[in-house]
Every structure is written in C-alpha cells, then in structure tokens.
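Below you'll find the structure, written out as structure tokens, and then a few comments.
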Amino acid sequence: TRDIIETRLDLGGIVVTLADTAGLRNTTTDDIEREGVARARARAEAADLRLLVVDGAQCVSRETLLAGEDENVPRETLALLHPGDFLIWNKADIAGDIQREGNSGFHEHVVSVKTGAGMTQLVAALTQSVAGPAIGGDDPALTRARHVKAVEDAINALTRAEAQIETAPELAAEDARLAVRALGGITGAVGVEDVLGEIFSSFCIGK
C-alpha cells in the first residue's frame, strides 16, 4: 500500500498523531509500492519521533541489524532513526528475547503484538518520551521548535483578533480561526465553530 494511516493517541495528556506507513523496501519494482516507500521516507524524516518495528523472528542478530547488514532492514531505513527514537522488536512470542548488549542510542523494546507482551512497557516509554518534559512541572514545556512556532503563530493571530474585534469582527474571526488551527497542531483537533460561537456570541459576523 502507498497510503499513510493515521490515528490520534493520548500519551500522558499530550495528543499525538501516530502514522503507519508502507514498508521501506529498496528492491521493489512496482511503481505504486515505490511511491508508498517515498512517501513513508518523507513522513519519517518530518516526524518528531520515529518508531521502527522489525520482525524479531527474521533478524539474524541485533548486531547485524545495527551494523546495517540485515537484508530485511536496509541500511537506509535504519539511517532514518535519530538518537532517542524507538527500535521495536516484534514477535517476541516466536523469537524470544533479544540480547541487547551495548547502547544503540535508541529506545529498544521487545514486544509481541499477538500476545501483548511488552506493550505496557512500550506505551509507558513512549509516554515518557513524548510527555515527560511536561510531567512534574507546573506548566507544560515546549520542547520542539515546531510547537514553539505554533504557539507564536497563535499568539500573533489572537493579538490581531483582539485589536479588530470591535471594528472588524469578520477579520477577527479569521484570525481566531488561524490561532485555533495553530494550536490544533499541538493539541489535536479543536472545534473551531464552538470557539467562535463563544467568542463572538454578541457580534454579527460576516456582514
């Protein structure tokens, strides 16, 4: 498939978008599959956090995979991972545990999607990685440049809206929409019409 399937998860109060991409194979000759691989690579490069799921039953060894010599996981695929990303060994019910000596720089977890083994620990680690900076503090921490930019855009839009709410409510409404959209990139989808209905309940918009 070339489609990217998305779902939203709540990890420690932080709404994240999980994108499941096509498998990353370099040997395909199918045009549609090549397009799916290209889209998957682009999405992985743009993501804040990457999770590489490998078939633990097919990997020769951890050392072979990390050296980029496993034919099931191309070197180019492994190169997409950044320090702090997740390397997940699936099919623990068949392959058993993976000997993980030495630090790969990734969060490594051995799981079985079939039996559920290791999944609780994986979700806890993901939650800590995503929401950790905000847990234990009085205010959520903005740890990514994209989030900082989104908040700055929202503040600027709301400042413009406040300045125009009396004289040009239709323009203020559009700036409010932009602010909601910017924050939605961090927190998840927000009901724009509900927000506008509350803010402009006493104004006549669009006339």
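The values are calculated or read from the model by the stated rules, or taken from the named source; none is laboratory data. Only a predicted model underlies this, so the values are computations on that prediction, with no experimental measurement involved. Because the Cβ atoms are built from the backbone with ideal geometry, glycine has one as well, and the counts that use them run over all protein chains shown.
Which one of Ala125, Ala131 is touching a strand residue (DSSP E or B) at 6+ places or on another chain (Cβ under 8 Å), modelled with pLDDT under 80 and part of a helix (DSSP H, G or I)? Step through it out loud before you land on a result.
On the way: Ala125 fails: modelled with pLDDT under 80.
Just one listed residue meets the conditions, Ala131.
Among the residues of region 62-100, which ones are polar (S, T, N, Q), touching a residue at least 12 places away in the same chain (Cβ under 8 Å) and surrounded by fewer than 16 Cβ atoms within 10 Å (Cβ to Cβ)?
At the first step, the residues of region 62-100 found to be polar (S, T, N, Q) are 64, 72, 77, 90, 99.
Within this subset, residues satisfying the condition of being touching a residue at least 12 places away in the same chain (Cβ under 8 Å) are 72, 77, 90, 99.
Correct list: Asn72, Gln99.
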Notebook entry, point to check: Could you list, in sequence order, the residues of region 103-122 that are assigned to a helix (DSSP H, G or I) and surrounded by fewer than 15 Cβ atoms within 10 Å (Cβ to Cβ)?
Noted result: Met119, Thr120, Gln121
Note to self: Can you list the helices (runs of 4 or more DSSP H) lying wholly within region 1-85 that have 1 or more residues being more than 25 Å from Lys114 (Cα to Cα), under 18 Å from the mean Cα position of the chain (by Cα) and in the same structural domain as His107 (by TED's automatic domain parsing)?
What the structure shows: 31-46
Next item on the list: Give region 27-51 a look and list any residue that's touching a Leu at 6+ places or on another chain (Cβ under 6 Å), at pLDDT 85 or above and over 18 Å from Val15 (Cα atoms), or say none.
Entry: Ala44
Check: Which one of the conditions (1) farther than 19 Å from Leu87 by Cα; (2) in contact with an Asp or Glu (Cβ under 9 Å, 6 or more places away or on another chain); (3) modelled with pLDDT of 90 or more does Leu171 fail to meet, given that it meets all the rest?
Finding: (2)
